[in-house]
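Since the structure comes first, as structure tokens, the remarks are kept for the end.
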């Protein structure tokens, strides 16, 4: 049996592309997804959990699955040509994708999982960070993920939502003073966290869960916790197997696998 393929593009996950969504659309590309392979495209992060689900599903069905993850500018042309499924790591990310992948429309978008924002700290938690208030100390160095108006990422605005959750302006101001890097994408944030010797990173559970040698997860207090979803859209001209894969992805068995990296329904 073939092994499900995930193209994580490791260097690409760490090297953001800066093209605007509108700049990526190429009307000369004809969308023809019927090639015998279920192909999914989206930002890095969920791809590791998707891979686990795809391995199980492909072993049972024999249908090949290819998961391509990384900065959109690196896979956009391929996705415009043969994507069966696109996924968005937040609603704003998916909305941006729909500007480029014209075969997909808003009514096809299906939110399938949620995850909460968390604090990632160095393994061992040397600064003894227990929650948000600890991030306001003067000795804390924080990395945040931002799109900066040029990059499509689920992290855009996340830190501000957490810091301003209680309606206290001073929390936002104090938190902002401790930010040492506004990174374009989660892959770049992970790199900056290590290169800049940061103490904390506002991110999603899958990052510390899949990088235990570098990161440890600290929960954000319930009153500050925010959630963002992951959504998928299946192309109307995709093969039936693409819909079958999504159905398995959200099945009870699929949910158990996805939960191992922090995704919940």
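The label point for residue 166 and the one for residue 227, both projected 7 Å from the Cα toward the Cβ, are 2.2 nm apart. Placing a label point 7 Å from the Cα of residue 138 along the Cα-to-Cβ line, the residues of segment 175-207 whose backbone N sits under 15 Å from it are 175, 177-178. Each residue in 72, 64, 110 was given a count of other beta-carbon atoms within 10 angstrom of its own, and listing them fewest first yields 110, 64, 72. Distance distribution note for segment 181-265: the fraction of Cα pairs above 17 angstrom is 62%. Sorted ascending by nearby beta carbons within 10 Å, beginning with the fewest, 28, 106, 73 become 28, 106, 73. Considering only alpha-carbon pairs that sit under 8 angstrom and 6 or more positions apart, the relative contact order computed for the chain is 28 percent. Each of 101, 25 was scored by other Cβ atoms within 10 Å of its Cβ. Arranged with the fewest first, they read 25, 101.
Using the alpha-carbon centroid of each, what span in Å lies between segment 146-160 and segment 189-265? When both Cα centres are located, 16 Å separates them. At q = 0.14, 0.15 Å⁻¹ the log10 of I(q)/I(0) for the chain amounts to -0.94, -1.06, computed by Debye summation with a single uniform scatterer per C-alpha, solvent ignored. Ellipsoid semi-axes for segment 118-218, based on the Cα gyration tensor and the rule √(5λ), read 19, 17, 12 Å when sorted largest first.
For residue 255 and residue 61, the FRET efficiency from 1/(1 + (r/R0)^6), where r spans their Cβ atoms and R0 equals 25 Å, is about 0.85.
The mean sequence distance of close C-alpha pairs (under 8 Å, at least 6 residues apart), as a share of the length of segment 118-218, puts its relative contact order at 46 percent. Relative to the current alpha-carbon distance between residue 211 and residue 30, full extension at 0.36 nm per residue lengthens the span by 61.3 nm.
Bear in mind that the values in this text are calculations on the coordinates, not laboratory data. Just so you know, these numbers come straight off a predicted model, no measurement behind them. Glycine also receives a Cβ, built like all others from the backbone with ideal geometry; neighbour counts cover every protein chain displayed.
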